[in-house]
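A quick write-up on the structure given underneath.
Just so it is clear, none of the values below were taken in a lab; they were calculated from the coordinates. Small disclaimer: the values here were computed from a predicted structure and weren't measured. Cβ sites come from the backbone with ideal geometry, for glycine too, and all protein chains shown count toward neighbours.
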């Protein structure tokens with residue numbers, strides 16, 4: 001199947017009122033496992049490579065080219081996205097490599113500088129047909145997700161989107177990155193306010209720390225793109241650990257990495273099905 005533009009997947013989900021799963025690639029086996037899960041579900045998926053992951057691999061290009069190749073041979077629609085790029089030049093590189101979307105994360109900058117740089121990145125990407133996501137508010141670590149000034153303000157978000165021309169906005173509504181327990185409390189009222197204030201899809205980062213029922217509620221309130229990384233990394237790592245515990249003499253890394261890769265398939269499929277449920281219409 002031809003590599004699918006992220007814009008197409010996002011517009012389809014936003015129109016239907018469903019969620020679009022976006023899962024992080026850590027290495028080749030992750031990308032393969034994520035696509036296998038999407039194929040098992042028969043549903044589209046967004047594969048994401050973060051700036052941190054690119055730095056781990058010594059640069060974006062090697063993993064990016066492999067991920068794009070995996071996406072192109074998939075039997076379901078697969079888009080490739082650059083996640084959390086704080087490096088402006090990395091965002092341009094991803095566009096030039098053929099990514100369907102990029103996220104420039106200027107949340108660490110003051111508001112005016114965030115607008116300036118995000119607008120510059122958005123202009124470059126959109127001139128080349130690439131979908132652009134940005135962030136406003138701070139989706140941080142486990143501490144401070146509900147602190148004053150951290151959650152995204154709807155009026156400021158509307159002004160930011162208008163000033164930058166981005167296609168989607170990651171908003172801070174109570175989730176936190178890298179959580180290993182699914183106990184984050186989302187501000188569903190704020191999600192609804194943001195949905196009303198903005199004409200672009202909303203993105204939920206830090207979804208690994210959000211329980212299923214709360215993700216479903218967030219989608220119903222207005223979230224479209226649902227980012228998951230740590231939660232799926234746990235499935236991969238537990239399978240590798242179990243395999244090594246049971247096979248103490250193994251030295252061929254393909255054997256235990258295969259176990260990790262295969263462990264992703266059912267959970268990726270389950271999540272994609274969960275996110276793609278039609279919105280509840282109530283009793284006729």
Note to self: Under the rule a/c < 1.5 gives rounded, and otherwise a/b versus b/c splits prolate from oblate, where does the range 220-284 land using the Cα gyration tensor?
What the structure shows: prolate
Next item on the list: Return the calculated 222 nm mean residue ellipticity for the chain, to the nearest 500 deg cm²/dmol, obtained by summing -39500 (n - 2.57) across DSSP H runs with n ≥ 4 and dividing by the residue count.
Entry: -15500 deg cm²/dmol
Checklist line | Spin-label model distance (nm) - residue 273 vs residue 73, 7 Å beyond Cα toward Cβ | finding: 2.7
Notebook entry, point to check: With the chain treated as a Gaussian network of Cα nodes joined by springs under 10 Å, which of 56, 92, 124 yields the largest mean-square fluctuation?
Noted result: 56
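What does the extension gain come out to for residue 156 and residue 2, with contour length at 0.36 nm per residue minus their alpha carbon separation?
51.7 nm
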Margin query: Quick check: pseudo-label points 7 Å beyond the Cα along Cα→Cβ at residue 11 and residue 89, how many nm apart are they?
Written below: 3.4
Note to self: Test of understanding: extend the Cα→C-beta vector of residue 211 to 7 Å, then name every residue of the range 226-243 with backbone N under 19 Å from that spot.
What the structure shows: 231-232
Item checked: In Å, descending, principal axis extents of the Cα set of the range 6-275 -> 58, 38, 33
Next item on the list: Could you please state, rounded to a whole Å, how far the C-alpha centre of the range 34-56 is from the C-alpha centre of the range 218-251?
Entry: 12
Checklist line | Simple spin-label estimate for residue 252 and residue 237 in nanometres, 7 Å along Cα-Cβ | finding: 2.7
Next item on the list: Considering only 202, 136, 244, give the residue with the highest GNM mean-square fluctuation for the chain, with springs between Cα atoms whenever their separation is below 10 Å.
Entry: 244
